[in-house]
1. I want to confirm something. Restricting to the range 121-147 and keeping residues that are under 20 Å from residue 360 (Cβ atoms) and assigned to a loop (DSSP other than H, G, I, E, B), which single residue is modelled with the lowest pLDDT?
2. Would you confirm whether or not the range 127-149 contains a residue that is over 22 Å from the mean Cα position of the chain (by Cα), in contact (Cβ under 8 Å) with a residue 24 or more places away in the chain and over 28 Å from residue 313 (Cα atoms)?
3. Can you name every residue in the range 332-364 that is more than 18 Å from the chain's Cα centre (by Cα) and in a strand (DSSP E or B)?
4. Specify the residue that is nearest to residue 170 (Cα to Cα); the eligible residues are those in the range 43-72 that are surrounded by 10 or more Cβ atoms within 10 Å (Cβ to Cβ) and β-branched (Val, Ile, Thr).
5. Residue 303 is checked against (1) farther than 30 Å from residue 37 by Cα; (2) without any contact (Cβ under 8 Å) to a residue 40 or more places away in the chain; (3) among the β-branched types (Val, Ile, Thr); (4) out of contact with any His (no Cβ under 7 Å at 6 or more places or on another chain) and fails just one. What number does that condition carry?
6. Right, residue 87: buried (at least 21 other Cβ atoms within 10 Å of the Cβ) and closer than 22 Å to residue 55 by Cβ or not?
7. Of these, 161, 178, which one is under 24 Å from residue 273 (Cα atoms) and either touching a residue at least 12 places away in the same chain (Cβ under 8 Å) or surrounded by fewer than 19 Cβ atoms within 10 Å (Cβ to Cβ) (or both)?
8. For the structure I just gave you, tell me whether residue 76 is small (Gly, Ala, Ser) and outside any loop (DSSP other than H, G, I, E, B).
Amino acid sequence: MTAFPRRRWLLGTSALSAALLLPGCGSIPFLGRRHEPGSCLPPSEEIPDEVHETVPDGVRAGVTEPSPDRRFLTSGFAVSPDGTLLAACESYDRWALDLADTYGLILWDTASGEVIQRISAPAQGAIAWHPDGTRLAVADGRHITIVDVEGELQWNLIGHELPRGRIANVLDVAYSPEGTQLASTSTDGTVRLWDMSGQQCAAGHILAPGRRSEARVSYSPDGSVLAVGATATWGEGDADNPPELWDPASGDGRTVLRDVHGIVFGLGHSGDGSLLALTHGPDSLTVIDPDGTMSEGPVTASTQFAELAVGSGSRVAIHSGEGELMIWDRATGDQMLLEDVSLDRMCWSPDESVLYALHHESGAAAWDGQDWRQFELP
């Protein structure tokens, strides 16, 4: 984590632009080919070899040489519901170069910054904590692993398919607020819903959003709405990718937020049920209230491939690819801008008193509003 020599406060911007009613919304049907139902495999069952196939015929996969400096994957980073543990996945690089004996899912103690657990989970990628804090979902190319904080495997969820023309990758996972459902979104163009009631696991609805692979899934605080959207890829001439709202209980299409213009790169719910969407072209942060009214928030100088972290209360963080980190308090309107910040992922503590950041080389760090504290490297 770099030093932060320059910092300035931006105050007095509590008034947002006038809210807009949300016209042009409509339900959306299931699209594309028929998708086979998934399944939940207990620890006693092996993952089929075909699930490990992630590169379709005819697709050229770029080869990245292992680097001793690359320590962490940037696809997953999450703090536990009680705020005591922080999770991220190690990269295989140092293991491949014989600089480490193993690699896996790292758990830090947030109070001390010390590594307290390294879990060799079958999957390495996107991460979601169960609301009870006892287990995590960790995604990989075509499957999701459910593992507890002691490293015991509980389930392997398979079903995401080999996409056409793209490398298979489960991009994001999220538990419902009650922990009874898990949502996973993949480059195969589907969002799969898994029944996680009690200690059971079963495949549920398969959602087929718009024409793109959706990079983020987010449940509303009451669990009645699943927002699907954002992208991890972009090219000149790409059409807008407005977020979609689904009913996770029924799996029915609900609405397309067509008044959110531009390419959505970030998406997340706040504690009051508002959905925030960070877009490029135009660069904007759109706040969609539960009643459908829309307003605009502040953004960094650039939002292309920017990172968005929405807290459980009123705090929002935006990090641009150019090193700007903006903190916005929706309740007071106060803004804070940090410059020359290098990070790949970030998340808020449950009480929003700490912003956690992950960098693929330097690892995890915590910002308390004044100073950065670096966490131990595994």
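The values are calculated or read from the model by the stated rules, or taken from the named source; none is laboratory data. Keep in mind it's a predicted model, so treat the numbers as computed, not measured. Note that we place each Cβ from the backbone using ideal geometry, even for glycine, and neighbour counts take in every protein chain shown.
1. So, considering only residues that are under 20 Å from residue 360 (Cβ atoms) and assigned to a loop (DSSP other than H, G, I, E, B), the one modelled with the lowest pLDDT is 121.
2. no
3. Answer for the range 332-364, where residues must be more than 18 Å from the chain's Cα centre (by Cα) and in a strand (DSSP E or B): 335, 336, 337, 338.
4. For the range 43-72, the residue satisfying everything is 54.
5. Of the numbered conditions (1) farther than 30 Å from residue 37 by Cα; (2) without any contact (Cβ under 8 Å) to a residue 40 or more places away in the chain; (3) among the β-branched types (Val, Ile, Thr); (4) out of contact with any His (no Cβ under 7 Å at 6 or more places or on another chain), the odd one out for residue 303 is (4).
6. So residue 87 does not fit the description; no.
7. 178
8. Against the criterion (small (Gly, Ala, Ser) and outside any loop (DSSP other than H, G, I, E, B)), residue 76 qualifies.
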